[in-house]
Each structure stands twice: as C-alpha cells, then as structure tokens.
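Q: Structure in structure tokens, see below.
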Amino acid sequence: MDIHEKLSYLGKRARFDLCGDCDLKGTGRRRAEGGRWDYPELVPDGEKSVMLRVLLSNRCENSCYFCENAAYRDFREATLEPDELAQHYASLYRCGRARSLFLSSAVLNSTDYTMSRILDTLELIRFRHRIPGYIHTKVLPGTSDDLIRRVIALSTRVSVNLEVPNQKRMERIGSPKNFHSDLYDKVRHISRLLHEADPAGRRRSRPKTQTTQFVVGVSGETDQELLDTCSHLYNDLHLARIYFSAFQPPGKIDFGAPRAPLLREHRLYQCDFLLRKYDFSVNEIPLDERGHLAGHEDPKTTWAKSHPAFFPLEINTAPRRSLLRVPGLGPISVKKIIAARKTGKITSKVDLKELAIRPWPALSYLLLDGYRVSNESTSARQNLLQFEA
C-alpha cells in the first residue's frame, strides 16, 4: 500500500477508539482527499478542530476476542513508519486540512516496541516539523513508566483504554492483559505524572489531561460496575473524560458477545454528565435490582420522580446544587437563572424564555415566586397547583 492507502485503511480501523465528542457511528467522520478519514472534534480548550485519527499499525500480538485487530483474525495488515506519518501529518497541518491528531496502534511485536515507534512519531512532529497542535496519544497496556513519561511530555492528552471495569470482567473476555498491572496501575501512574509540579513548585499553565474508554456490553458487566469505576476514576485519579463505546461488532463476524444497545451507551453518558457536571454522587444514580439503568427515561428524571419530597423548588432562592437536580435544567441554564435573580424575580414562563430556557419539563418541579405554573399558563399567578410526584 502507498501512504494514502495506509492512511485510509488504518484511519478506518481506528474508528472504534474514542477520543473526542464526535459521532463515531458513521455521521461524524468524513472521507477526505487522499483516502484518509477526518473527524470533527471539540478539543479541551473549547475550539473545534479537524482531527486525523489513525493507527500506527493494525498488526497485533494480542487476541482479545472482541477486537477486530485480534491476532487470530484474517485481515490485511498495514503499518506506517514514524517518518511517513509525521511528514504527512505535518503537511496536512500546515495547509489546514488537519489541526489535531489522535495516534494509537495495535501491539506490534511488543508493547514497548510499539510505544517507542509512537514516541518516534511524536518527536518528529514536535521537533523536526515543529508542529505545536493538539495531539492525543493512546498509551498501550503494560507500557513502561519511562516511555509513559516521555509520551506525556509530547502530548496534549493521553489515555489508556480500560475497556472493562475490573479484573473479573477482563478474565471474562479472555484477554491476556491484567486489569491492575497492565491498565489501572498505568492510569494511576499517569495521574501522578500529570499532577506533578515543576521544579519551581508551579503547575503547568496549560494542564495536560487523561481519558479512558469502556467497551459497553462486551464482558457482561453491569451499569453499577461501570459507574463505580467511573466515580473512582473521576474522584481519585482526576480523569478529564470517560468515553463509552457500545459493543457493535462489524458485519457478520462472531465476536463472542451480542451487540450492546446504543441506548445503553446513551444512558451511561447521561450518568457521566451527572457525575461530572451536576454534583451527583454514584450512590444517587438510580439503578434497578440487577444494577442497570432504566432504558425508558433518563436517570436524572428517574431520580427526580423518586424524590417527591425534594420538590418543588423555588427558582428565586434555591441553591445551584439543588437547581441542577431539576429535569430540563443544566449548568448553563442554572447559571443564567442565578445571574437573572440578582436583578429581579423570575415570575413567569416569559421570564424563562427570555433567558433562552425551555420551560418543559422544568416547570413541573419548580415554584416561580411561590406559585406553580403549568406548561399551558403564561403567568406565575394564574394558578396554584399541588405538586405531584
């Protein structure tokens, strides 16, 4: 294969490795010139970027049964040399056709051998081609600590794919990796390195970040197991984001497990936002007796319906943390409410609409200046209703 064929092929095979906010189910990425795949991304500084996502190689020594790059599968193998990938990315960057890079790889020969080739690629991009842009680098399981430190120095974001929530589930998928020594300990080591101060005792002016990814449904895990691990990763190891990929084996290949519902992935992302942005603890996430989320409604609404004594809240006095519990209100809406009530009371749906806040379904859980307002009324004083759970 020439460079364009390899970029196209290895870019397509990187589509299951999540690293940003685009839709990897087919609507986010696009086929670009030269056969490569481009992805619209929102990088951590809030800027939109076109990302080149690619594997350095799809030849793997491991045989995880759920992976399309597993050693025992029959597929074309391709490997990019560090110099050709660095040079091609530099040319894309300079002409504005790719402003960021996500670089991962299957395990070629050995973990440290592969990571050394990834490191060579990063050094060429940073030092020979002098490209300062955003780079997200995947750290492979079992990478030595010295290589991890060097990769962090050249990357904007790094990640280790945990894939499953614990060792029990790792054994379930027949992976040769040890959950603790190969994966979790590496996440913990990266967390320590990212929070080290420089010799003068100052932290980096632009903090580098760490993420991870779970393959949902591949190991028979419960939502409870995933959320418990997520809570620990956020609270104790300070990860920036956690991504979920519903297990969706391509074509008719038998991957040893059924397809996971995309709705389950969606519900887990909603819980992720509750943990990161809405001040929920993992113990407050509503689960059924099997340890799973409800599929018929979002977890925030389920929590609200099961806590009728918490509502209704007076919109003009309720604290931020309480308002974040209201279905239909998010951090941006709550910020607008708190700012608006400093200059006057919120008394009607019109006031909410002027703040660009949709009244439904929040009005079912709120008082506006002491009164309940139905979704049909326009004034806060037109009717006074008893709260219904």
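Q: How far apart, in nm, are the 7 Å Cα→Cβ label points at HIS238 and GLN87?
A: About 4.1 nm separates the two model spin labels.
Q: Multiply the residue separation of LYS353 and ARG172 by 0.36 nm, subtract the distance between their alpha-carbon atoms, and state the gained length in nm to one decimal.
A: 60.1 nm
Q: Between the alpha-carbon centers of segment 308-374 and segment 122-175, tell me the distance in whole angstrom.
A: Measuring centre to centre over Cα atoms gives 43 Å.
Q: Could you run the Karplus curve 6.51 cos²θ - 1.76 cosθ + 1.60 with θ = phi - 60° over segment 305-310 and give me ³J(HN,Hα) per residue in whole Hz, x for Gly and Pro?
A: 5, 8, 10, x, 5, 6
Q: How many nm separate the modelled label positions at SER181 and ILE338, each set 7 Å beyond the Cα in the direction of the Cβ?
A: Result: 4.7 nm between the two label points.
Q: Under a point spin-label approximation (7 Å from Cα along Cα-to-Cβ), what is the ARG94-ASP2 distance to one decimal in nm?
A: Result: 2.0 nm between the two label points.
Q: By counting other Cβ atoms within 10 Å of each Cβ, how are LYS342, LYS186 ranked from fewest to most?
A: By the 10 Å Cβ count, ascending, the order reads LYS342, LYS186.
Q: Order of TRP360, TRP303 from fewest to most other C-beta atoms within 10 Å?
A: Least crowded to most crowded, the residues run TRP360, TRP303.
Q: Within a 10 angstrom radius of the beta carbon, how do GLU289, GLU265 rank from fewest other beta carbons to most?
A: The most exposed by this proxy come first: GLU289, GLU265.
Q: In debye to the nearest 20, how big a dipole does segment 292-362 give about its Cα centre with +1 on each Lys and Arg Cβ and -1 on each Asp and Glu Cβ?
A: For segment 292-362, the charge dipole is close to 260 debye.
Q: Now for a different question. With charges set only on the Cβ (+1 for Lys and Arg, -1 for Asp and Glu), what does the dipole of segment 82-232 come to about its Cα centre, in debye to the nearest 20?
A: Dipole of segment 82-232, to the nearest 20 debye: 800 debye.
All of the numbers you see were taken from the coordinates with simple rules; none came from a lab. Just so it is clear, the structure is predicted and the values come from calculations on it, not from any experiment. Ideal geometry is used to build each Cβ from the backbone, glycine not excepted, and the neighbour counts take in all protein chains shown.
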